[in-house]
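Structure record follows, encoded as structure tokens.
The values are calculated or read from the model by the stated rules, or taken from the named source; none is laboratory data. These numbers were taken from a predicted model, which means no experiment stands behind them. Because the Cβ atoms are built from the backbone with ideal geometry, glycine has one as well, and the counts that use them run over all protein chains shown.
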Amino acid sequence: MIVVKTELGSRVVQDRSVPLTPRQRSALILVDGKRTVADLHAAMAVAGIDRQELVRLLELGLVRDMAPEATAAELSAARAAESAAQKHRQRTPQERYAQAYPIATKLTAALGLRGFRLNLAVEAATSYEDLAQLAPRIRDAVGADRYSPLESALSDR
């Protein structure tokens with residue numbers, strides 16, 4: 001499914017007539033009528049934008065499906081196929097880094113002063129490989145339970 005801006009969405013980019021959060025505005029700008037939902041989600045993840053922002057733009061009537069004449073069954077089938085393709089596609093290291101970095105910074109920031117150096121190391125990490133090297137230290141510092149979201153983000157599944 002390809003997402004396009006509605007007339008209102010195009011106008012909002014220009015005149016800011018609908019109040020949007022900075023992340024919603026960034027998500028709206030990413031909608032160019034050429035990208036699929038999966039492509040938009042990937043671009044949004046790199047920019048640190050939650051997937052729900054695209055849903056919110058849809059609810060506000062700022063974006064729509066490029067093919068509104070498609071039936072509900074066709075749309076459902078397209079979403080299911082896209083979801084299955086996403087599950088089977090391995091994420092690139094950049095995608096894993098984009099998902100893991102905010103989790104790692106949140107975990108280490110919560111450690112306070114005892115995790116100050118580890119937090120600095122995480123903030124200095126500029127690649128997936130950097131974060132993967134820090135992962136064992138983060139796991140030791142926060143424990144296995146709190147570490148599991150970061151482990152999932154770093155894995156290639």
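Scanning the stretch 25-44 for residues that are over 24 Å from P93 (Cβ atoms) and surrounded by 15 or more Cβ atoms within 10 Å (Cβ to Cβ) yields R25, L28, V31.
Looking across the stretch 1-24, the residues that are crowded, with 18+ Cβ neighbours inside 10 Å and closer than 26 Å to T92 by Cα come down to V3, Q24. The set of residues in the stretch 27-43 that are within 18 Å of Q99 (Cα to Cα) and in contact (Cβ under 8 Å) with a residue 24 or more places away in the chain comprises A27, V37, A38, L40, A42. Would you check if there is a residue in the stretch 83-91 being modelled with pLDDT of 85 or more and in contact with a helix residue (DSSP H, G or I) (Cβ under 8 Å, 6 or more places away or on another chain)? The answer is no, given that none of the residues of the stretch 83-91 is modelled with pLDDT of 85 or more and in contact with a helix residue (DSSP H, G or I) (Cβ under 8 Å, 6 or more places away or on another chain).
Where helices (runs of 4 or more DSSP H) fall wholly inside the stretch 114-157, the ranges with 2 or more residues that are surrounded by 15 or more Cβ atoms within 10 Å (Cβ to Cβ), of a type outside the set (D, E, K, R) and more than 22 Å from the chain's Cα centre (by Cα) are 116-124, 128-142.
Among the residues of the stretch 1-32, write down those that are acidic (D, E) and part of a helix (DSSP H, G or I). Matches in the stretch 1-32: E7, D15. In the stretch 92-101, the count of residues that are modelled with pLDDT of 60 or more, not in a helix (DSSP H, G or I) and not aromatic (F, W, Y) is one or more. Among the criteria (1) within 15 Å of the chain's Cα centre (by Cα); (2) not in a helix (DSSP H, G or I), the one G61 does not fulfil is (1).
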